[in-house]
Every structure is written in structure tokens, then in C-alpha cells.
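Q: Before I ask anything, here is the structure I am working with.
The values are calculated or read from the model by the stated rules, or taken from the named source; none is laboratory data. Predicted model, so just to flag it, every value in this text is computed and none were measured. Cβ coordinates were reconstructed from backbone atoms using ideal geometry, including for glycine residues, and neighbour counts include every protein chain displayed.
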């Protein structure tokens, strides 16, 4: 019970830190809202289909992704500034620290993307808002998985801190480019080989964006198998991030530093 309370306290502290960085919130919101209200409208005039309806739900997923990635920055700062030594002195296991960070990262991403979803519902009427509540648990696991990716990047760059943002930018570009966030899967099939099409289709960002488009905004019946695909695509990311961060914490415990 003490361990659980310690995890929840640490998660609450990290969760609140995300929303205390006002400059970060301002930048993220301005970028996502410009994508939603400017880019989507401009591109809509250039496309042969309703690109606004296609892209606005994807912006919600992009916001989830970017907010979850900030978990790595907070871990990177905690390691670089020595805050992690304070965490290791608390009555909480290293596994508990990892769980707290992933929970906080997932929750912050869901709350942030929910704010974008509310804007999306204003500019693009939804056919089945209630479907979002069914999606929410799976989106939360996805957010934890994306936070896990960021934690892994922070762990990878823990001894070369100056590379963290470069690693993060590379991963962000790859995951967004190789997804159906910006373009339909039909377009991907025209220009990429079949194995790359499979990669794009299995990308958890593609799965989440399509779920948001089809279930919340188009009003199609929710398919349980599709939700399980989101879950199965997200869990390995959680595990990779957790293991990477655990290895770093263990190294700090043993050596006192990295």
C-alpha cells in the first residue's frame, strides 16, 4: 500500500510539472491549433477529398504523441540535474519510479489531447462522441507506450545528454511520416512497397488516428478487434521504455552516476 501511494504521489508531481511549464503548453497548443485550423483548411482546397475532416481527428493524435514525448524530457532533466538521486532516496522501488513516470506521461498526454478534441468537436461535428469513451482506455495505453519511447530515448542519451533532442526529433519524424496521420493509406499504397505499407498500417499512430476518424467523427460501430490492435501495438512500447529506464536507474544506484 505504501508503494502504491508513493507511485501515485510521484506520478501526480510529474503530471503537474507538465502543466506548470507554461511556455511549453503555449508552443504545443499554438502548433496543434494552427495545424487544425489553418493547415487543414488550406490543404482542403488542394485535395480531391474532404481533407479537413480527415486531418482534424489526426491532430488530436498528434497532440497525444507530442505531449507523451515530453515524458522523456522530464526524465532527461531529472537525470542530468541529479533530481533522480532524490527520487531513489524515497521509499519507492526503481520499478515504482518507472511506473509513476509512465502513468504521469500517459495521463498528461490524454488530458492535453482531450483539450484538442474539444476544439475538434467544435470545428468538426462528431457523429458518435460516446465512442470516445470506449477509445479512452486504449488511447491511454497508447499514450503510456509513446511515453515509454521517450523514456527509452532519455535512457539512451543519459550519458550523452546533448543527443536527446536529436534522437527525439528523429523518432518523431519517422513515426509521423510512416503513418496515416497526414495522408490516407490508399496514397501510401501507391508510392511505397508492400512491406512499408504494412509498417504504416501497424503504426500505433495510424491505428489511433483511424479509430478517431471512423468511430468518433464518422460514427461507425466500434470494432473490438481494432481496439485490441491498438493495445497490442502499444504494450511493447511500454515494455521497451520501462526496461530502458530501469537499466539506467540500476546503473545510477550501483555507480552513483552514469
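Q: Looking at region 166-183, which of its residues are within 13 Å of residue 204 (Cα to Cα) and not in a helix (DSSP H, G or I)?
A: Scanning region 166-183 gives 178, 179, 180, 181.
Q: Right, another one. Would you mind finding the one in 238, 200 that is within 27 Å of residue 168 (Cβ to Cβ) and free of Cβ contacts under 8 Å to residues at least 40 places away in the same chain?
A: Values: 238 fails: free of Cβ contacts under 8 Å to residues at least 40 places away in the same chain.
Checking each option against the conditions leaves just 200.
Q: Could you please find all residues in region 13-41 being under 18 Å from the mean Cα position of the chain (by Cα) and at pLDDT 85 or above?
A: Matches in region 13-41: 14, 15, 16.
Q: Spot the failing condition for residue 236; the list is (1) in a loop (DSSP other than H, G, I, E, B); (2) within 19 Å of residue 64 (Cβ to Cβ), and only one is missed.
A: Condition not satisfied by residue 236: (1).
Q: Moving to a separate point now. Of 208, 152, 147, which residue is in contact with a helix residue (DSSP H, G or I) (Cβ under 6 Å, 6 or more places away or on another chain), at pLDDT 90 or above, assigned to a helix (DSSP H, G or I) and more than 29 Å from residue 48 (Cβ to Cβ)? Even if it seems obvious, please write down each step before you answer.
A: Numbers: 208 fails: more than 29 Å from residue 48 (Cβ to Cβ); 152 fails: at pLDDT 90 or above.
Within the list 208, 152, 147, the selection yields 147.
Q: Run down 132, 114 and say which single residue is within 16 Å of the chain's Cα centre (by Cα), in a helix (DSSP H, G or I) and more than 23 Å from residue 157 (Cα to Cα). First the steps, then the outcome.
A: Details: 132 fails: within 16 Å of the chain's Cα centre (by Cα).
Only one candidate qualifies: 114.
Q: Here's a follow-up. Tally the residues that are part of a helix (DSSP H, G or I) and surrounded by fewer than 22 Cβ atoms within 10 Å (Cβ to Cβ), restricting the search to region 211-229.
A: As a first pass, look at region 211-229 and keep what is part of a helix (DSSP H, G or I): 211-217, 224-229.
Still in the list and also surrounded by fewer than 22 Cβ atoms within 10 Å (Cβ to Cβ): 213-214, 224-229.
Total meeting the criteria: 8.
Q: I'd like the full set of residues that are touching a residue at least 12 places away in the same chain (Cβ under 8 Å) and either over 26 Å from residue 111 (Cα atoms) or touching a helix residue (DSSP H, G or I) at 6+ places or on another chain (Cβ under 6 Å) (or both), limited to region 30-48.
A: Hits for region 30-48 are 32, 35, 36, 40, 43.
Q: Among the residues of region 1-29, what is the count of those that are in contact with a helix residue (DSSP H, G or I) (Cβ under 6 Å, 6 or more places away or on another chain) and surrounded by fewer than 15 Cβ atoms within 10 Å (Cβ to Cβ)?
A: Going through region 1-29 one residue at a time, the tally reaches 1.
Q: Of the residues 238, 248, which is at pLDDT 90 or above, surrounded by 14 or more Cβ atoms within 10 Å (Cβ to Cβ) and farther than 24 Å from residue 184 by Cβ? Walk me through it before giving the result.
A: Details: 248 fails: at pLDDT 90 or above.
When all the criteria are applied, what remains is 238.
Q: Continuing with the same structure: Identify all residues within region 224-258 that are more than 30 Å from residue 82 (Cα to Cα) and out of contact with any helix residue (DSSP H, G or I) (no Cβ under 8 Å at 6 or more places or on another chain); write none if there are none.
A: Within region 224-258, 224, 225, 228, 232 qualify.
Q: Out of the residues in region 116-130 that are buried (at least 16 other Cβ atoms within 10 Å of the Cβ) and touching a residue at least 12 places away in the same chain (Cβ under 8 Å), which is farthest from residue 35 (Cα to Cα)? Can you show your working first?
A: As a first pass, look at region 116-130 and keep what is buried (at least 16 other Cβ atoms within 10 Å of the Cβ): 116-117, 119-121, 124, 126, 128.
With the extra rule that they be touching a residue at least 12 places away in the same chain (Cβ under 8 Å), the set shrinks to 116-117, 119-120, 124, 126, 128.
Working: 116: 11, 117: 13, 119: 12, 120: 11, 124: 14, 126: 19, 128: 23 Å.
Top of the filtered list is 128.
Q: What are the residues in region 184-205 that are exposed (fewer than 13 other Cβ atoms within 10 Å of the Cβ) and either in contact with a helix residue (DSSP H, G or I) (Cβ under 6 Å, 6 or more places away or on another chain) or not in a helix (DSSP H, G or I) (or both), if any? I'd like the intermediate steps shown before the answer.
A: Of region 184-205, the ones exposed (fewer than 13 other Cβ atoms within 10 Å of the Cβ) are 186-187, 190-191, 193-195, 198.
If the condition is that a residue be exposed (fewer than 13 other Cβ atoms within 10 Å of the Cβ) and either in contact with a helix residue (DSSP H, G or I) (Cβ under 6 Å, 6 or more places away or on another chain) or not in a helix (DSSP H, G or I) (or both), then 193 is the only one that fits.
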